[in-house]
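Below is one structure; the comments refer to it alone.
Nothing in this text is a laboratory measurement; each read-out follows from the coordinates by a stated rule. Every value quoted in this text rests on a predicted model; they were computed, and no experiment measured them. When we count neighbours, we look across all protein chains shown, and the Cβ atoms used for this are built from the backbone with ideal geometry, even at glycine.
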Amino acid sequence: RLWYWHGTCVPQKLIKAPYSITREDIINEKNVEIRRCIMEKIGSERFSELLGLQEIDSDTDHQGNISILYKTKEKDNLINRSLYFARVICPSTGRKYYLSVPRMRSVWDAVAYTFNKDKESYKPMVET
């Protein structure tokens with residue numbers, strides 16, 4: 001039997017018992033696409049909780065939502081360094097997203113990176 005999450009072959013546990021996913025399941029998963037599936041299936045809040053993310057920087061966006069830059073407390077087994085995530089809130093849906101970013105120092109550097117820009121050139125007038 002094969003198990004899929006939106007077209008990606010994943011471990012049976014993710015589909016049949018996502019509540020039993022552990023930090024070790026995430027850290028030991030060598031396929032980053034499957035890691036993305038894990039985050040989607042268990043939810044970004046639980047994913048961040050399991051990884052033990054620590055806040056590096058935060059600020060408020062134009063809609064009054066708090067954006068936060070996090071890093072993992074422990075090094076990732078695949079890349080031998082901490083993972084970084086920018087937590088943002090979609091202005092149109094209110095959903096929280098944890099966007100994987102390279103090592104950054106500020107949340108706005110991280111958010112700008114996700115738009116292929118730097119902090120100085122990322123100046124949205126309206127976000128939707």
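Quick note on the chain: its Rg to Rh ratio, both from C-alpha atoms and Rh being the Kirkwood radius, is 0.99.
Between 60, 108, 48, the Cα set farthest toward the positive side of the dipole of the chain (charges on each charged residue's Cβ, about the Cα centre) is that of 48. For the options 43, 64, 52, a Gaussian network treatment of the chain with springs between C-alpha atoms closer than 10 Å singles out 64 as fluctuating the most.
Comparing 115, 85, 47 in a Gaussian network model of the chain, where Cα atoms under 10 Å apart are tied by springs, the biggest mean-square fluctuation is seen for 115. Each Cα pair under 8 Å and six or more residues apart adds its sequence gap; the mean of these over the residue count of region 33-112 is a relative contact order of 23 percent. The string of couplings for region 47-58 from the Karplus curve (6.51, -1.76, 1.60, θ = phi - 60°) is 4, 5, 5, 5, 7, x, 6, 10, 6, 9, 7, 8 Hz, one whole number per residue in order, with x for Gly and Pro.
For region 64-114, the alpha carbon positions stretch 36, 18, 16 Å along the principal axes, listed from largest to smallest.
Anyone know which of 20, 67, 106 comes out most mobile in the 10 Å Cα GNM of the chain? Comparing 20, 67, 106 in the GNM, the peak value goes to 20. Less than 15 Å Cβ to Cβ from residue 9, Lys/Arg counted +1 and Asp/Glu -1: what total charge do the surrounding residues give? Value of the local net charge: +4.
Relative to the Cα centre, the charge distribution of the chain, modelled as +1 at Lys and Arg Cβ and -1 at Asp and Glu Cβ, gives a dipole magnitude of about 420 debye. Across region 87-127, the relative contact order, built from alpha-carbon pairs under 8 Å that are at least six residues apart, equals 24 percent.
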